[in-house]
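Colleague: Quick one: the structure is below, questions incoming.
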Amino acid sequence: MKDWTKIGVCFGTAALLGILLWAKMTYADPLVFQFHSPSFSGIGWSTHMLSIEQLQHNREEDLIAKAEAEERKEERDEKNTTINKFIKNVESRIYANLSKQLVDNMFATPDPNCVEDCPEVSLTGEAKIEGSILTWVKDPDLGTITLTIIGEDGTTTEMIVPVGDFGF
């Protein structure tokens with residue numbers, strides 16, 4: 001029976017030692033409540049406020065950019081309607097026809113075969129288009145045509161074109 005007592009004492013001692021070690025391991029730090037938000041704790045508050053301000057600024061910029069993009073899209077959609085494309089095409093053809101008539105008048109020469117009732121060839125001309133004034137003067141002595149365009153805003157553009165020097 002003595003052996004069993006020794007075993008019991010050893011077992012009891014080991015159990016007691018295990019309980020003491022387990023109890024030592026279960027100790028924890030006391031719970032301390034702290035706010036994690038810098039708005040309440042004050043720790044890192046300036047960085048927190050700068051971050052919030054930056055986020056608000058970025059949101060406002062995004063909204064403005066989105067509104068401007070939507071406005072540009074609406075303008076493009078309006079310009080790309082079938083009727084607006086048609087009007088632009090008609091305008092283009094009218095201006096092309098007007099410029100052809102202007103050039104034909106500028107470079108007109110008298111018909112050498114004409115004997116009676118010959119149309120007179122003009123040495124000057126003027127046209128008013130949307131507030132701009134186009135004038136041309138043909139100088140037969142110099143062999144040039146001077147085209148002057150005065151815009152609505154008063155800017156002047158002048159082109160001097162030689163007559164008869166083209167090798168077409």
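Colleague: Direction-averaged shadow area of the convex hull around the Cα atoms of the chain, nm²?
Modeller: Working: hull surface 126.7 nm².
Hull-based average projected area comes out at 31.7 nm².
Colleague: I would also like to ask the following. I want to verify the translational diffusion coefficient of the range 79-131 in µm²/s; compute it with Stokes-Einstein, Rh as the Kirkwood radius over Cα pairs, at 10 °C and 1.306 mPa s. Don't skip to the answer; put the middle values down first.
Modeller: Details: Rh = 14.0 Å.
Translational diffusion coefficient: 113 µm²/s.
Colleague: Would you calculate, for the chain, the mean residue ellipticity at 222 nm contributed by helices, counting each DSSP H stretch of 4 or more residues as -39,500 (n - 2.57) and dividing by all residues, to the nearest 500? If you can, show how the numbers build up before the last one.
Modeller: Details: 4 runs with 88 residues, N = 168.
Per the formula, -18500 deg cm²/dmol.
Colleague: Still on this structure: Counting other Cβ atoms within 10 Å, keep those with at most 16, restrict to DSSP loop, and tell me which chymotrypsin sites (Phe, Trp or Tyr not before Pro) in the range 22-94 are left.
Modeller: Working: sites: Trp22, Tyr27, Phe33, Phe35, Phe40, Trp45, Phe86; in loops: Tyr27, Phe33, Phe35.
Sites meeting the loop and neighbour criteria: Tyr27, Phe33, Phe35.
Colleague: Can you give me the Cα centroid spacing of the range 97-168 and the range 25-68 in angstrom?
Modeller: Distance between centres, Cα-based: 74 Å.
Each reported figure results from applying straightforward, stated rules to the coordinates on display, with no laboratory input. On a predicted model such as this, the values are computed, not experimentally measured, just so you know. Every residue, glycine as well, gets a Cβ built from its backbone with ideal geometry; the counts of neighbours run over all protein chains shown.
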